[in-house]
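Scroll down for the structure; my scribbles are underneath it.
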Amino acid sequence: NAGVTQTPKFRVLKTGQSMTLLCAQDMNHEYMYWYRQDPGMGLRLIHYSVGEGTTAKGEVPDGYNVSRLKKQNFLLGLESAAPSQTSVYFCASTSLAGLYNEQFFGPGTRLTVL
Amino acid sequence: KQEVTQIPAALSVPEGENLVLNCSFTDSAIYNLQWFRQDPGKGLTSLLLIQSSQREQTSGRLNASLDKSSGRSTLYIAASQPGDSATYLCAVRGGNTPLVFGKGTRLSVIA
C-alpha cells in the first residue's frame, strides 16, 4: 500500500515549456487535491476533484489545468510555465466520507521555472 | 471565507519542555480539524484529526483540543524531544469545502 505517490520528485523547466505532474493513490479515495506551497504563503489549493471525470477550481487555479480520467490518478498540467509557478506541489486524497476523514498527502514535487 | 491563523510562527524550546501550539479559525461551522507535521523538504504527515463533535484527541505525547464555538484549537506536546522539530500545520474542513490551512508553526527543540 503505497498511499499517495507523485511523479516526478524534481523538475526544472524553462519559461514557456509545458509539463504534467502525476498523482496516484491506491486507497480507492474519491476526493483528490492539488496544492502548491510557497514560503510565507502556506498551502494553497489549485484544483480538486470529487470523483472520476469531475474537477473544480480552488484558490489559485490560473495557469493550471487538471484531469481525472481514472479514479486513482489526478494530473496537473502547466501549459506554458512561468517563473511564478516555481513552487513545491503536493497532491492529497481522502475518502468519500472525506468530510469526517483524514486527508493524506504525497511527498511533493519541487518545480523550478527559469 | 474561512481563515486559519497559527501563532506563534516560530518557537524554540529546550528539550523536555511541555509546549502548546495555537490555531484559530474564523468560521466555527466546521466538520473537522486536522493537525499535520511537515519535516523540511518532505510532505505532510497527519498527526491528529478531531471531529466537530469532539473536544480532544490524544496520540502518545500529543494532545489536540477543539473549542468550536470560540474557533480555537491547541496542540499540546509533552516532554518535547529534538525529533519533534518540524513545522506543524493546522487545517479545518467546513461544509463541502476542501481543507483550509494555516501557515504553520516552525518548532525547534534544542538538546
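The values are calculated or read from the model by the stated rules, or taken from the named source; none is laboratory data. Model, not experiment: these values are computed from the prediction. All Cβ positions, even for glycine, are placed from backbone atoms using ideal geometry, and neighbour counts span all protein chains on display.
Reported count of residues in segment A:57-71, each being within 13 Å of chain B (Cβ to nearest Cβ) and not in a loop (DSSP other than H, G, I, E, B), is 1. Per the conditions (1) farther than 17 Å from residue A:67 by Cα; (2) at pLDDT 95 or above; (3) of a type outside the set (Gly, Ala, Ser), the sole criterion not satisfied by residue A:43 is (2). Quick check on residue A:103: is it of a type in the set (S, T, N, Q), within 13 Å of chain B (Cβ to nearest Cβ) and either touching a strand residue (DSSP E or B) at 6+ places or on another chain (Cβ under 9 Å) or within 21 Å of residue B:37 (Cβ to Cβ) (or both)? Against the criterion (of a type in the set (S, T, N, Q), within 13 Å of chain B (Cβ to nearest Cβ) and either touching a strand residue (DSSP E or B) at 6+ places or on another chain (Cβ under 9 Å) or within 21 Å of residue B:37 (Cβ to Cβ) (or both)), residue A:103 qualifies. Considering only segment B:96-111, how many residues are in contact with a strand residue (DSSP E or B) (Cβ under 6 Å, 6 or more places away or on another chain), part of a loop (DSSP other than H, G, I, E, B) and surrounded by fewer than 20 Cβ atoms within 10 Å (Cβ to Cβ)? Residues meeting the conditions: 1. Among the residues of segment A:22-47, those identified as surrounded by fewer than 16 Cβ atoms within 10 Å (Cβ to Cβ) and more than 11 Å from chain B (Cβ to nearest Cβ) are A:22, A:26, A:27, A:28.
Rundown of residues vs (1) in contact (Cβ under 8 Å) with a residue 12 or more places away in the chain; (2) of a type in the set (S, T, N, Q), yes/no style:
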| residue | (1), (2) |
| --- | --- |
| A:13 | yes, no |
| A:20 | yes, yes |
| A:25 | yes, yes |
| A:28 | yes, yes |
| A:31 | yes, no |
| A:35 | yes, no |
| A:40 | no, no |
| A:44 | yes, no |
| A:48 | yes, no |
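In the set B:80, B:85, B:65, B:70, only one residue is touching a residue at least 60 places away in the same chain (Cβ under 8 Å) and either more than 10 Å from every other protein chain (Cβ to nearest Cβ) or surrounded by 14 or more Cβ atoms within 10 Å (Cβ to Cβ) (or both); that residue is B:80.
Scanning segment B:13-39 for residues that are in a loop (DSSP other than H, G, I, E, B) and surrounded by 17 or more Cβ atoms within 10 Å (Cβ to Cβ), we see that the one that is farthest from the other protein chains (Cβ to nearest Cβ) is B:30.
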